[in-house]
Each structure stands twice: as structure tokens, then as C-alpha cells.
Amino acid sequence: MAWIDSHCHLDFPDFDQASLFQCLIDNQCEAVLIPATQVEHFQRVVALKHAYPNLVKFALGLHPYFIAEHQMSHLDVLNQALIDYKPDALGEFGLDFMLPESSFKQQIHLFDQQLELAKQHRLPLVIHCRKAHDQLASKVKHAAFTGGGFIHGFSGSLQQAKRYIDLGFVLGLGGALTYDRAKAMHKMVAQLPDDAYTLETDSPDMAPSFAQGQVNTPLNIPLIAQHIARLKHQTVEQVIQTSTQNFYRVFSHV
């Protein structure tokens with residue numbers, strides 16, 4: 001059955017793109033969401049949208065991991081790109097408090113400004129967040145942002161999950177939950193409501209347990225779905241269908 005990957009970086013040079021996209025089509029991939037992380041990558045993400053318009057959804061944003069490369073002028077570049085290219089979402093951006101504390105002030109400024117751009121352009125968000133879930137959720141609520149979006153690679157608590165869900169977000173679940181050691185995550189996923197998650201790979205990063213040492217690709221989605229199906233006592237088909245429905249709901253939410 002058809003499936004989606006709600007977060008993958010298929011613009012990265014790790015891939016033979018022509019071969020990979022043909023494999024995706026052959027293996028019933030219905031859609032992928034590809035977020036840019038730096039202004040230097042905007043054009044190559046847009047190029048994939050043009051090359052595979054029926055398969056690719058895309059987002060543009062300034063990722064906190066590359067805080068040293070971002071300049072304040074890049075916010076103007078992003079704003080113009082949102083006008084020119086009309087992406088499906090804004091991101092990947094967010095807060096990463098696992099990075100040096102010296103970066104926090106600039107991270108917060110870039111986050112606030114991008115959140116405002118998303119409001120102006122009526123776009124859902126593609127969020128990266130590490131060690132800052134409570135702060136990020138508070139900022140979204142304080143800004144009265146109601147466009148929803150994706151919390152990429154979520155591995156927080158059930159309480160944090162519910163707060164995001166109440167704010168209109170869905171949680172991206174991927175390779176991290178396939179590891180036996182991820183006991184807390186397993187417990188959280190088992191208790192999530194069905195309308196709360198999407199399947200993702202974060203390709204080429206975050207390889208699942210069954211693909212260690214390999215280049216991670218969206219082709220791992222059906223196997224990730226098997227892990228979630230076991231945790232939720234559902235069929236794989238139910239998990240994939242739920243993920244796909246939630247994915248498209250995000251884009252109709254704004």
C-alpha cells in the first residue's frame with residue numbers, strides 16, 4: 001500500500017537521486033517532505049520539487065544546527081523564497097539546546113522570526129527540537145500560532161507529546177524507536193492517539209536499528225511501521241494509513 005515519509009533530506013549528496021526516486025515510485029511511496037536547512041540548500045530542494053512535482057512536498061527554513069552559518073540577512077532571503085517558491089511548510093527550524101549555550105540567544109531570535117514568517121505566509125512548521133520542548137511549545141502558544149506542523153524526530157515524554165498535539169502538531173516517528181534500548185519512547189508511542197503521528201526517516205541520518213551502517217532512505221518506512229504496529233497492537237496497514245492521513249491533514253490545517 002502507498003506510504004509517505006514526513007521528513008527526509010533527499011537533496012543531500014549521499015544519494016543517487018534518479019535511482020532513489022525511481023525506487024520510491026516502484027515501492028509505492030506516495031509523498032516525501034524534504035526540508036531545507038540553510039539558504040545555500042534552497043535551490044536544490046526546489047529543484048527536486050520541479051523534477052518530481054507529484055511526489056515531493058518541500059519546506060524552507062534555517063536550522064539551528066547551522067547557527068554559525070546563518071546571518072540576519074538570511075531571514076530576508078527566506079522571506080523572499082517563501083514568496084517566490086511557495087513551499088508547503090516552513091522549516092526545518094527550531095531550538096537545539098544540546099548546542100553550546102552561547103548560541104541560545106541567536107537561536108531564539110531566529111526561531112521567533114521564522115515563527116512570525118510562518119504566520120504571515122500561513123504555513124505549517126517543520127520543527128527540530130532537542131532539550132527544549134517545553135520552551136518551544138511555550139513560544140508557539142504565546143505567539144498564538146495555530147498553523148500546526150510536524151515535530152520532527154520526537155522522543156520526548158507523553159506529557160510533552162500531548163502539549164504539542166493540543167497545539168495542532170503531529171509527531172514525526174522514525175528510526176530511534178526501532179532500538180531495544182528506547183524503552184521510554186516505546187511506552188510513549190504505545191499511548192499516542194492515532195491522529196498524533198507520522199512516519200519519517202530523516203534520511204540519510206537517524207538510521208534505524210535494522211539498517212545500521214547503511215545509507216538511510218525512505219524505503220525503510222514500511223519496516224519502521226512494523227515496529228509501531230507492534231507497540232500499538234495494530235496492523236502495519238493501519239499504521240501506514242494513519243500516518244498518511246495525518247500527513248495530509250497538516251497541509252489542510254492552515
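The values are calculated or read from the model by the stated rules, or taken from the named source; none is laboratory data. All values reported here derive from a predicted model rather than from experimental measurement. Note: ideal-geometry Cβ built from the backbone for every residue, glycine included; neighbour counts use all protein chains shown. Each accessible area value is taken on the protein alone, full model and side chains, heavy atoms only, with ligands, DNA and RNA left out. Shrake-Rupley method; radii C 1.70, N 1.55, O 1.52, S 1.80 Å.
Miscellaneous remarks
- Reported count of residues in the range 175-215, each being free of Cβ contacts under 8 Å to residues at least 60 places away in the same chain and in contact with a strand residue (DSSP E or B) (Cβ under 8 Å, 6 or more places away or on another chain), is 5.
- In the range 82-91, residue farthest from residue 252 (Cα to Cα) [restricted to those that are open to solvent by less than 80 Å² (accessible area, probe 1.4 Å) and not in a helix (DSSP H, G or I)]: 91
- Single condition residue 217 does not satisfy, out of (1) within 20 Å of the chain's Cα centre (by Cα); (2) open to solvent by 80 Å² or more (accessible area, probe 1.4 Å): (2)
- Sole exception among (1) surrounded by fewer than 17 Cβ atoms within 10 Å (Cβ to Cβ); (2) free of Cβ contacts under 8 Å to residues at least 24 places away in the same chain for residue 236, by number: (1)
- Contact map, the range 111-134: first residue on the phi > 0 side of the Ramachandran plot and without any contact (Cβ under 8 Å) to a residue 40 or more places away in the chain, second residue of a type in the set (A, V, I, L, M) and surrounded by fewer than 24 Cβ atoms within 10 Å (Cβ to Cβ), Cβ cut-off under 8 Å, separation 6 or more or different chains; pairs are 131/98.
- Of all residues making up the range 98-122, the number that are farther than 21 Å from residue 73 by Cα and of a type in the set (A, V, I, L, M): 2
- Selection within the range 183-214 - under 16 Å from the mean Cα position of the chain (by Cα) and polar (S, T, N, Q): 198, 201, 203
- Screening the range 92-180 for strands (runs of 3 or more DSSP E) wholly inside it with 1 or more residues that are small (Gly, Ala, Ser) and in contact with a helix residue (DSSP H, G or I) (Cβ under 8 Å, 6 or more places away or on another chain) returns the ranges 149-151.
- Condition met for residue 208 (open to solvent by less than 10 Å² (accessible area, probe 1.4 Å), under 18 Å from residue 8 (Cβ atoms) and not acidic (Asp, Glu)): yes
- Of all residues in the range 151-170, none are open to solvent by less than 10 Å² (accessible area, probe 1.4 Å) and touching a Pro at 6+ places or on another chain (Cβ under 6 Å).
- Number of the condition not met by residue 31 [criteria: (1) in contact with a Lys or Arg (Cβ under 9 Å, 6 or more places away or on another chain); (2) over 22 Å from residue 172 (Cα atoms)]: (2)
- Total residues in the range 57-76, condition open to solvent by less than 60 Å² (accessible area, probe 1.4 Å), touching a residue at least 40 places away in the same chain (Cβ under 8 Å) and either under 25 Å from residue 240 (Cβ atoms) or in contact with a His (Cβ under 8 Å, 6 or more places away or on another chain) (or both): 5
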